Amino acid sequence: MSGSSTAAASSSGFAPTAAISKEQAEAIYSRGLEGIIAGETAVCSIEQGGLWYRGYEIHDLANSATFEEVAFLLLEGHKPSAAELARFKSEIVAERPLHPSVTAFIESVGGFLASGRAVPMDVLRTAISMLGHTDPDAQDNSAQANLRKSKRLLAKIPTVIGHMQNVIDGRAIIGREHGGDKSLGHAANLLYLMTGRQPSAEYARVVDVSLILYAEHDFNASTFTSRVIAGTLSDLHGAVAGGIAALKGPLHGGANEMAMEMLKEIMRDVGEKGIGTPAVEQWMHKAFETKRKLMGFGHRVYKNGDHRAPILHALGRTIAATDTQNPGGHHALRWFELGEQVQKIMLDRKNIHPNVDFPCGMTYFTMGIPVPQYTPIFVASRITGWAAHVMEQHANNRIIRPLSRYTGEPPRKW
Ligand code: CMC
């Protein structure tokens, strides 16, 4: 209806002055914005051939960096020196405790969390909003204030996750005063806050690597959401709360929980003895027939495989195979055996590869991490990417306001 809307605009005295004509916009329309460049970033680059955080390739980071170093890289913009890293770590440790009102809120919804009526992702989203109310910089969008707020959120999100797990499990809150154990790094402290037990170095490293892999991924749905919010010159806490809501969906970060739920469903249906047999193929065939989406598979950008998936798969499989102390015991490996069969069928039949959420589900499950916390743990990492993008947006802002293709009624009289 471009002609009639132009007529309406002229008759009301507004001449159309768009820099891009309606015809040009129509020519670049793409459903779901597939293949559209919607902005610029120096934070991350992703393509089928690789994934780089500020120029550092993901295998290099997973092998040689710690999550704290990657967090510094994303938030402060460069690889930290030893002194900078020490300063950063102590800032984060100091910011771990929650304001008592936020802890009280988590305790107040403990019954809903325990019954499953409230899910940790939603409680975390509300907790982030509450953290905004208690943050002295909440309404300040300057670069310095945004960096301070980003570090506070990075520090406090594991504490929120731990406190939620404590109320779900009915144990006393761990780390109410200090936000955990000051001697522990970020990943180890997250596990400690959730369980009250210091994890082995191996467990802490696996979670650390998963946080590195999850930290940043350019204009994915949740980061784009955060940038849209920041682009109106709204604040960081609001942008992060919006990012959490977007990440929760099963087509995005929620897939790590759903991938594990799907494997449990297959295991229930085919039984342990069915692994490696045609029973799994039959299950998959039925899923294909009903056009069911298999969670943890596929990706908008990586059509030939997600670079992060094999890294996490190898780490998780090693834990499952070698660590008989893991909560799944020696049976934990069966989840990887089942997962590998599912992956092979998916590749053979559909040519669709697993994304990072598939091995994440099996890995966290092997380690005994409760499934509803998988996506909140994703948040504990992605906060760094979101915050880096919000700061980048605020530093060079133009409101993000695309067009739509109108498919409704033609103009008519009321
Ligand atoms: N299971 C079954 N079929 C699939 C899947 C899947 N997981 N993924 C894609 N396809 C099919 C899809 O049905 C379509 O087939 P057809 O052309 O016959 O309609 C074809 O492959 C192309 O897929 P698409 O829907 O155009 O892909 P998209 O780029 O729009 O969506 C996606 C990408 C990730 C949302 C989608 O692959 C999906 O829903 N995957 C399952 C959820 C998931 O694992 N999400 C995690 C994403 S990666 C990390 C993260 O963000 O956390």
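The values are calculated or read from the model by the stated rules, or taken from the named source; none is laboratory data. Nothing here was measured: the structure is a model prediction, and the numbers come from that model. So basically every Cβ, Gly included, is an ideal-geometry build from the backbone, and we count neighbours across all protein chains shown. To get the accessible areas, we keep the full protein, side chains included, count just its heavy atoms, and leave off ligands, DNA and RNA. Shrake-Rupley method; radii C 1.70, N 1.55, O 1.52, S 1.80 Å.
Expressed as a rounded percentage, what relative contact order does the stretch 255-366 have, with Cα pairs under 8 Å and six or more residues apart?
Computed over the stretch 255-366, the figure is 40 percent.
So what is the 222 nm mean residue ellipticity for the chain from helices alone, if each DSSP H run of at least 4 adds -39500 (n - 2.57) and you divide by all residues, rounding to the nearest 500 deg cm²/dmol?
Using -39500 (n - 2.57) per qualifying helix, the result is -18500 deg cm²/dmol.
Work out from phi, with θ = phi - 60° and the Karplus expression 6.51 cos²θ - 1.76 cosθ + 1.60, the ³J(HN,Hα) of each residue of the stretch 199-206, listed in order in whole Hz, and give x for Gly and Pro.
Those phi angles translate into x, 5, 4, 5, 4, 4, 5, 5 Hz.
Across all directions of projection, what mean area in square nanometres is found for the Cα convex hull of the stretch 214-286?
Orientation-averaged projected area of the Cα hull: 6.5 nm².
Over all directions, the average projected area of the alpha-carbon convex hull for the stretch 213-253 comes to how many nm²?
Approximately 2.8 nm², given one-decimal rounding.
Taking Cα pairs under 8 Å and at least six residues apart, what relative contact order does the chain come out at, in percent? Don't jump to the answer; show the numbers that get you there.
On the way: 578 pairs, mean separation 85.5, N = 414.
Averaging sequence separation for qualifying contacts and normalising by length gives 21 percent for the chain.
With the cut-off at 29 Å, tell me which of the pairs Lys248/Lys344; Lys291/Lys344; Lys182/Lys264 have Cα atoms farther apart than that. Provide the component values of the computation, followed by the final result.
Numbers: Lys248/Lys344 27 Å; Lys291/Lys344 18 Å; Lys182/Lys264 36 Å.
The pairs that break the limit, which is 29 Å between Cα atoms, are Lys182/Lys264.
Can you give the charge dipole size of the chain about its Cα centre, rounded to the nearest 20 debye, using +1 on the beta carbon of Lys and Arg and -1 on the beta carbon of Asp and Glu? Don't skip to the end; give the middle numbers.
Details: 42 positive and 41 negative charges, 174 e Å.
That gives a dipole near 840 debye.
Projected onto the charge dipole of the stretch 323-414 (+1 at Lys/Arg Cβ, -1 at Asp/Glu Cβ, origin at the Cα centre), which of Pro376, Leu333, Gly408 gives the Cα projection farthest towards the positive end?
About the Cα centre, the residue reaching furthest to the positive side is Gly408.
In terms of modelled amide H atoms, which long-range or inter-chain residues lie less than 5 Å from the amide H of Phe297?
Result for Phe297 returns Asn355.
In the chain, carbon and sulfur make up what percent of the accessible area (probe 1.4 Å)?
55 percent
Taking Rh as the Kirkwood radius, which is the inverse of the mean 1/r over Cα pairs, what is the Rg/Rh value for the chain?
1.00
Semi-axes of the equivalent ellipsoid of the stretch 346-404: what are they in whole Å, largest first, if each equals the square root of 5 times a C-alpha gyration tensor eigenvalue?
32, 21, 9
Take the alpha-carbon positions of the stretch 161-292, form their convex hull, and give its projected area averaged over all directions (one quarter of the hull surface) in nm².
Values: hull surface 47.9 nm².
So the mean shadow area of the Cα hull is 12.0 nm².
Mind checking the full-extension length gain between Arg197 and Arg292? Use 0.36 nm per residue of separation minus the Cα-Cα distance, one decimal, nm.
Contour length minus the Cα-Cα distance gives 30.3 nm.
Could you report the chain's accessible area per residue, 1.4 Å probe, as an integer in Å²?
Counting only protein heavy atoms, the per-residue value for the chain is 48 Å².
What distance in nm separates the simple spin-label points at Arg31 and Thr322, each placed 7 Å from Cα in the Cβ direction?
For Arg31 paired with Thr322, the spin-label model returns 4.7 nm.
Along each of the three principal axes of the Cα atoms of the stretch 255-366, give the extent in whole Å, ordering the values from largest to smallest.
Over the stretch 255-366, Cα extents along the principal axes are 39, 31, 21 Å.
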